[in-house]
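One structure is given here, and the rest of the page talks about it.
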Amino acid sequence: MIKKAASSNSPLSGNKSKRLIVIGGGASGFFCAVNAARMNPLLEVIIIEKTSKLLSKVKVSGGGRCNVTHACYSMADMIKKYPRGGSFLKKAFHHFFTTDTVSWFKERKVELKAEADGRMFPVTNDSQTIIDCLLQEANKYSVDILMNKEVKEINKRADRWQLLFANGLTMEADFLCVASGGYSKSTQFEWLQKTGHSIESPVPSLFTFNMPGNPITNLMGVTVENVVVKIVGTKLSQQGPLLITHWGMSGPAILKLSAWGARQFATDNYKFTALVNWVPLYNEQTLKDKFHQVRFDIAAQKISNRNPFALPQRLWQYLLQQSGIKEDVRWADLPAKEQNKLIKNVCAQEFGVNGKTTFKEEFVTAGGIVLNEIDYNTMESKIISNLFFCGEVADTDGITGGYNFQNAWTTGFIAAKAISDKSIQ
Ligand SMILES: Cc1cc2nc3c(=O)[nH]c(=O)nc-3n(C[C@H](O)[C@H](O)[C@H](O)COP(=O)(O)OP(=O)(O)OC[C@H]3O[C@@H](n4cnc5c(N)ncnc54)[C@H](O)[C@@H]3O)c2cc1C
């Protein structure tokens with residue numbers, strides 16, 4: 001059962017000596033609140049949530065299964081998964097890493113399992129397990145929760161924080177932890193900018209590429225296990241599975257590109273050219289050698305029947321069509337011009353991208369509070385004391401695979417520990 005704060009301006013309840021208000025009832029806000037309340041029983045902890053739902057992203061995450069973290073136990077490897085904030089998180093992970101996430105949930109009887117690709121889910125395959133665990137912790141340590149309350153302004157008066165809500169009510173706290181998640185517009189950060197903090201402007205990350213009218217979309221549903229996609233005129237390049245959709249391209253290779261290129265793509269208004277190498281083991285030169293060999297080995301066979309790269313048959317037919325090669329041409333009779341065209345299409349096919357589509361399974365916002373204004377050892381503001389940040393509100397974001405929740409758990413835990421320590425002093 002959720003314990004709700006009685007009145008917005010009530011004095012400290014019972015034997016409590018200090019008050020922490022956490023703004024945001026998402027993953028990072030809950031993790032900060034429940035850990036701080038557990039670490040210092042004398043701290044009154046209140047979560048303020050603007051909507052009528054708690055942990056709403058946890059609920060829908062990972063297709064309803066919640067991809068809690070990633071089975072990566074090397075910090076050096078882990079930080080490579082964060083297009084923004086990797087070096088900040090490298091230091092933060094020393095305080096709370098993936099292993100700590102697994103143990104934390106295990107100690108509360110929530111077992112996590114790793115799938116073949118490293119993504120970790122509760123063994124129940126149900127995100128509600130994570131929500132129930134966090135709500136039980138909140139209940140156990142008497143965390144108060146106020147819903148349907150939007151914080152509009154925060155001001156430091158003497159040594160205390162004063163919060164102003166959208167309905168005009170106010171509330172006071174000794175410590176404030178902002179866990180309000182990512183905002184899509186710069187104007188939504190204004191209440192935080194007023195504290196003196198700078199904002200890296202928000203842009204979406206984790207999206208798929210639109211290719212309106214491109215014949216590749218006729219192949220929707222085709223997956224290629226391993227491709228390399230490069231963006232012309234940039235150093236952006238990613239390797240991995242690619243899924244052809246009815247609007248363009250998706251899959252891990254595309255999503256990773258969208259994250260690493262989030263800012264560049266926004267600047268280019270989501271118009272750019274992608275080069276796909278459908279056979280990353282080859283480049284143009286080695287592919288020429290391979291063709292030479294194939295023409296010798298299976299000279300009498302029809303090209304359309306014998307695809308030497310184990311590419312999906314529909315894709316192979318499409319590549320032949322795009323290269324102007326008729327169905328009944330045999331390998332021995334392939335004219336040089338068409339062969340060169342096919343080689344180009346197989347290892348560097350050009351696709352014009354025009355627009356993006358939000359990846360419904362997971363999306364995040366790049367941008368937020370500038371990281372060099374936050375102390376990675378405590379998550380406390382370097383500009384104003386007793387103000388803490390955790391989760392996606394800071395300029396950190398990861399690729400898909402559980403990295404964004406790990407950011408929420410790590411930064412939420414660090415803030416909780418620092419606030420608990422400070423409140424005991
Ligand atoms: C559909 C979807 C699926 C995802 N799946 C995964 C996944 O499987 N694995 C993974 O690692 N990541 C996933 N992510 C990303 C992950 O959910 C986020 O990175 C993570 O939830 C961020 O946590 P947070 O606590 O910082 O912010 P949020 O979860 O966004 O929580 C912030 C909360 O603050 C509240 N709030 C905002 N402003 C105010 C205010 N002024 N006053 C009061 N309350 C306020 C908001 O209403 C919200 O409830 C997914 C994201 C989406 C959208």
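Name the residue that is farthest from the ligand (Cβ to nearest atom), counting only residues in the stretch 150-164 that are open to solvent by 50 Å² or more (accessible area, probe 1.4 Å) and of a type outside the set (D, E, K, R). Write out each step before concluding.
From the stretch 150-164, those open to solvent by 50 Å² or more (accessible area, probe 1.4 Å) are 150, 152-153, 156-160, 164; that's our starting set.
Narrowing further to those that are of a type outside the set (D, E, K, R): 158, 164.
Values: ALA158: 23, LEU164: 11 Å.
Going through the qualifying residues, I end up with ALA158.
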Residue, least open to solvent (accessible area, probe 1.4 Å), within the stretch 48-68, restricted to residues that are near the ligand (Cβ under 9 Å from one of its atoms) and more than 19 Å from the chain's Cα centre (by Cα): ILE48
Members of the stretch 82-108 found to be within 19 Å of ALA259 (Cβ to Cβ), open to solvent by 20 Å² or more (accessible area, probe 1.4 Å) and free of Cβ contacts under 8 Å to residues at least 24 places away in the same chain, listed by number: SER87, LYS90
Name the single residue that is farthest from the ligand (Cβ to nearest atom) among those in the stretch 384-413 being aliphatic (A, V, I, L, M) and touching a strand residue (DSSP E or B) at 6+ places or on another chain (Cβ under 9 Å). ILE384
Taking interchain pairs and intrachain pairs at least six residues apart, which have beta carbon atoms under 9 angstrom, with the first residue in the stretch 253-272 and at positive phi and the second basic (Lys, Arg)? TYR270/LYS356
Report, by residue number, each residue of the stretch 310-333 that is within 24 Å of PHE351 (Cβ to Cβ), surrounded by fewer than 17 Cβ atoms within 10 Å (Cβ to Cβ) and among the hydrophobic types (A, V, I, L, M, F, W, C). ALA310
What pairs come out if I take residues in the stretch 350-367 that are more than 7 Å from ASN210 (Cα to Cα) and pair them with residues that are among the basic types (Lys, Arg) and surrounded by 15 or more Cβ atoms within 10 Å (Cβ to Cβ) whose C-beta lies under 6 Å away, six or more apart or interchain? ALA366/ARG84
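Any chance the stretch 130-149 includes a residue that's surrounded by fewer than 14 Cβ atoms within 10 Å (Cβ to Cβ) and more than 25 Å from the chain's Cα centre (by Cα)? Walk me through it before giving the result.
At the first step, the residues of the stretch 130-149 found to be surrounded by fewer than 14 Cβ atoms within 10 Å (Cβ to Cβ) are 140, 148.
Pick out the ones that are also more than 25 Å from the chain's Cα centre (by Cα) and you get 140, 148.
Scanning the stretch 130-149 turns up at least one residue that is surrounded by fewer than 14 Cβ atoms within 10 Å (Cβ to Cβ) and more than 25 Å from the chain's Cα centre (by Cα).
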Subset of the stretch 167-188 [under 30 Å from the mean Cα position of the chain (by Cα), within 12 Å of the ligand (Cβ to nearest atom) and either in contact (Cβ under 8 Å) with a residue 24 or more places away in the chain or open to solvent by less than 10 Å² (accessible area, probe 1.4 Å) (or both)]: LEU176, CYS177, VAL178, ALA179, SER180, GLY181, GLY182, TYR183, SER184
Quick one: which strands (runs of 3 or more DSSP E) sit completely within the stretch 53-162 and have at least 2 residues that are in contact with a strand residue (DSSP E or B) (Cβ under 9 Å, 6 or more places away or on another chain) and among the basic types (Lys, Arg)? 151-157
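For residues that are in a loop (DSSP other than H, G, I, E, B) and either without any contact (Cβ under 8 Å) to a residue 24 or more places away in the chain or in contact with a Pro (Cβ under 8 Å, 6 or more places away or on another chain) (or both), tally how many sit in the stretch 189-204.
Final tally of qualifying residues: 0.
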Scanning the stretch 334-374 for residues that are surrounded by fewer than 17 Cβ atoms within 10 Å (Cβ to Cβ) and within 11 Å of the ligand (Cβ to nearest atom), the one nearest to ARG65 (Cα to Cα) turns out to be GLU361
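The values are calculated or read from the model by the stated rules, or taken from the named source; none is laboratory data. Here the structure is a predicted model, which is why all the values come from computation and not from measurement. No Cβ is skipped: glycine too gets one built from the backbone with ideal geometry, and neighbour counts run over all protein chains shown. For the accessible areas, the whole protein counts, side chains as well, though only heavy atoms, and no ligand, DNA or RNA atoms are used. Shrake-Rupley method; radii C 1.70, N 1.55, O 1.52, S 1.80 Å.
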